[in-house]
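Here's the structure, in structure tokens; my notes come after.
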Amino acid sequence: MAIRQPVVSVLGHVDHGKTKLLDRIRGTSVQAREAGAITQHIGATEVPIEHIYKVCKQLIGNKKFDVPGLLFIDTPGHHSFTTLRARGGSLADIAVLVIDIREGLMPQTIESIRILRQYKTPFVIALNKVDTIQGWISEEGRPFILAEKVQQDHTLAAFNDKLYTVIAQLAEQGISADRYDRIDDFTKAVALVPISAKEGEGIPDLLLVLIGLAQRFLESQLEKGEGPGKGTILEIKEERGLGKTLDMILYSGTLKKGDTVAMGTRGAPVVTKIKAILKPKPLDEIRDPRDRFDSVKELHAAAGVKISCQNCEGVIAGAPIIVVKGPNDPAIKALQEETSIKIETQEKGITIKADAIGSLEALAYEAKEHDIPIRKYGVGEITRRDIVEAAYGDKKNSVILGFNVNMSKDAEAELANHEDLMVMTNQIVYQLIDDYIEWVEDSKKKTDTDKRSEFSFPAKFKILPNCVFRASKPAIVGVRVLAGRIRPGENLLGSDGRDAGRIKSIHTGEDALKEAKQGEEVAVAIEGVTVGRQIDEEDILYVDLIESGYKQLQTLELNDDEKMAMEETVALKRKDDPFWGM
């Protein structure tokens, strides 16, 4: 049975060379024409098998493959990869993870690995920028296995040092990887292909590995699905002369001009007709074509195209598109089911927003992994309504996490009215989650500190021998804090449960202190007692607690010494009142 070309997603950390790699494969300069030379939109490029034969001739001679070519998707960093879903999994059949050999694994690299694992997408690693290794002799378009043979020993030593550093970093992420030419079983190790996107070295090796893996392991899933076309929307754009257009990947079946299609929205699917199918020429791409698109009447999977429809109102990035027989086709219900976002919510929880369905699911997945409850979720920018609704939760859950989204002007204005509401955004899911966890911890510490300052905190200290500096009015003694912390103004209890005066001040040398913590030795002035009568050297004194404060203390995190000091103080209080604190 004929097989289609595999969909290959290229992803990795910003500036590690994703677009440069594709430019080298197709002989274009998309990167140079992009704002800041960084990919702004998702692109798709078809690389026919004839071009691969030409590039890989030194490695394969006249060997032929059944795979008709490769369809590359270039994403603006890691995050858009999460929007590319199909059949409940990843749209990509295989992925290329680009890593800069000098920098190794970076935050977006780790993010990409997590996403690839989540969707169970097989991948290879393009270890880029080998030409930057000191002494490396480059030759345009040369296979890596030939380039390696002409390098000097000190250059190879420097290369291997960086190679094994990356392999070790991957091992820390649970990835077993090795150079592709040293792997016996590709099901047990990730292939690592050293390349220079700038010089084109290693590109033949990379294309050969991708074609070889696709032919050997993906053949069954690459069978050309006959019948109605199925695809995924990449982006919705306004085009001069065409109006609103959709960039999409057709991954199964056939799509024809005039077909009735159903597309996913936030609500009921849109059912409409295709007015035009615009296909970039081979080795060109949707996002920034050198040549005009070809207008085609019929399209077979897999392909990246731009389509124009009669109506695409409400269609969202990452949503499915399928050919249907009409508005009552049973497939529409299945499409709505696929588009509907299934995220577990709770009565008390935070709000999450993301730019597309897959992104939202990725954020929800990480939140669940970290036991973060979600009350509300949605696709698109953070709106005024999101702010208002999130602000009425309890303070702990008055949080909105936004993944790769902006805030509307109305939302920004509304946020100014809610000082307790926290809005956090990031383009890396796990960093967004880490930022949230750190904020929760900081808030907890602040809350504990605020509560501790509201009432006396359990503490005990010992009057040190030979450290009586004044006997009374006030008594001044040297003490060691055994547990908790002591502050001026706190009332004291003796170990017999009787009143032991009140702390007037705390000093170390000439400096007055606001408090003294466990382990510190300080001078304490105590009003209302005389040394030798109510207190004496080596006495243990406790900070007196009020009953309402004791109940609050039970909600705070105390260390073992603080807990013991509290239990001992409660025992002293219950000598006079057996029901104290109950």
- Item | For ALA301, residues with placed amide H under 5 Å, excluding near neighbours | GLY253
- Message: Give the separation of the Cα centroids, the range 466-482 to the range 175-217, in Å.
- Response: 75
- Task: Read phi for every residue in the range 348-357 and hand back ³J(HN,Hα) as whole Hz from Karplus 6.51 cos²θ - 1.76 cosθ + 1.60, θ = phi - 60°, with x for Gly and Pro.
- Result: 10, x, 8, 9, 10, 10, 8, 7, 7, 4
- Note on the structure: Lys and Arg at +1, Asp and Glu at -1: neighbours of VAL531 with Cβ under 10 Å from its Cβ sum to -1
- Ordered by residue, what ³J(HN,Hα) values in Hz, to whole numbers, does the range 150-167 give under the Karplus form 6.51 cos²θ - 1.76 cosθ + 1.60, where θ = phi - 60° and Gly and Pro are x? 9, 7, 6, 4, 5, 5, 5, 5, 5, 4, 5, 4, 6, 4, 6, 5, 5, 4
- Message: Please give the Cα centre distance for the range 331-403 versus the range 549-576, rounded to the nearest Å.
- Response: 41
- Note on the structure: Judged on accessible area alone, 1.4 Å probe, highest first, ARG385, ARG480, ARG4 line up as ARG385, ARG480, ARG4
- Task: Would you mind calculating the gained length between LYS120 and ALA157 on full extension (0.36 nm times residue separation, minus the Cα-Cα distance), in nm to one decimal?
- Result: 9.9 nm
- Mind listing the long-range amide H neighbours of VAL324? Cut-off is under 5 Å, sequence gap 5 or more, other chains count too, H placed in the peptide plane at 1.01 Å from N. THR260, VAL261, ALA262
- Task: List the lysines whose Cα lies under 20 Å from the Cα of LYS162, skipping any in the same chain that are fewer than 8 positions away.
- Result: LYS18, LYS129, LYS149, LYS198
- Query: Excluding LEU464 itself, what net charge comes from residues whose Cβ is under 9 Å from its Cβ, given Lys and Arg +1 and Asp and Glu -1?
  - Reply: -1
- Message: Net charge within 15 Å of GLU414 by Cβ-Cβ distance, Lys/Arg positive one each and Asp/Glu negative one each, not counting GLU414 itself?
- Response: -3
- Item | Average Cα contact separation per residue, the range 278-387, under 8 Å, 6 or more apart, as relative contact order % | 20
- Query: Ordered by residue, what ³J(HN,Hα) values in Hz, to whole numbers, does the range 169-184 give under the Karplus form 6.51 cos²θ - 1.76 cosθ + 1.60, where θ = phi - 60° and Gly and Pro are x?
  - Reply: 4, 5, 4, 4, 8, x, 9, 8, 9, 7, 4, 4, 7, 10, 9, 8
- Segments 567-579, 201-213 sorted - mean Cβ within 10 Å per residue, highest first: 201-213, 567-579
- Item | the range 480-582 - accessible surface per residue (Å², probe 1.4 Å) | 56
- Note on the structure: So, relative contact order of the chain in percent, Cα under 8 Å, 6 or more apart, is 10
- Just for the Cα atoms in the range 303-439, what are the lengths along the principal axes, largest first, rounded to whole Å? 52, 32, 28
- If you look at just the Cα atoms of the chain, how large are its Rg and its Dmax in Å? 33.2, 105
- Non-local residues with an amide H under 5 Å from the amide H of GLU490, with H modelled 1.01 Å from N and Pro and chain starts lacking one, are ILE503
- Item | Helix-only CD estimate at 222 nm, as mean residue ellipticity for the chain, using -39500 (n - 2.57) per DSSP H run (n ≥ 4) | -8500 deg cm²/dmol
- How many percent of the accessible area of the range 171-321 is carbon or sulfur, using a 1.4 Å probe? 45
- When the accessible area of the range 505-582 is split by element with a 1.4 Å probe, what percent falls to carbon and sulfur? 45
- Evaluate the relative contact order of the range 453-538 (contact order divided by residue number), counting alpha-carbon pairs under 8 angstrom at least 6 apart; express in whole percent. 34
- Note to self: with every protein chain in place and a 1.4 Å probe, the range 181-325 gives an accessible area per residue in Å² of 42
- With r as the distance between the Cβ atoms of VAL440 and ALA171 and R0 = 41 Å, compute the FRET efficiency 1/(1 + (r/R0)^6) and round to 0.05. 0.85
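The values are calculated or read from the model by the stated rules, or taken from the named source; none is laboratory data. The structure displayed is predicted, hence computed values, not measured ones. In this analysis, Cβ positions are derived from the backbone assuming ideal geometry, glycine residues included, and neighbour counts consider all displayed protein chains. Ligands, DNA and RNA are stripped out before the accessible areas are found, and what is left, the full protein with its side chains, is counted by its heavy atoms. Shrake-Rupley method; radii C 1.70, N 1.55, O 1.52, S 1.80 Å.
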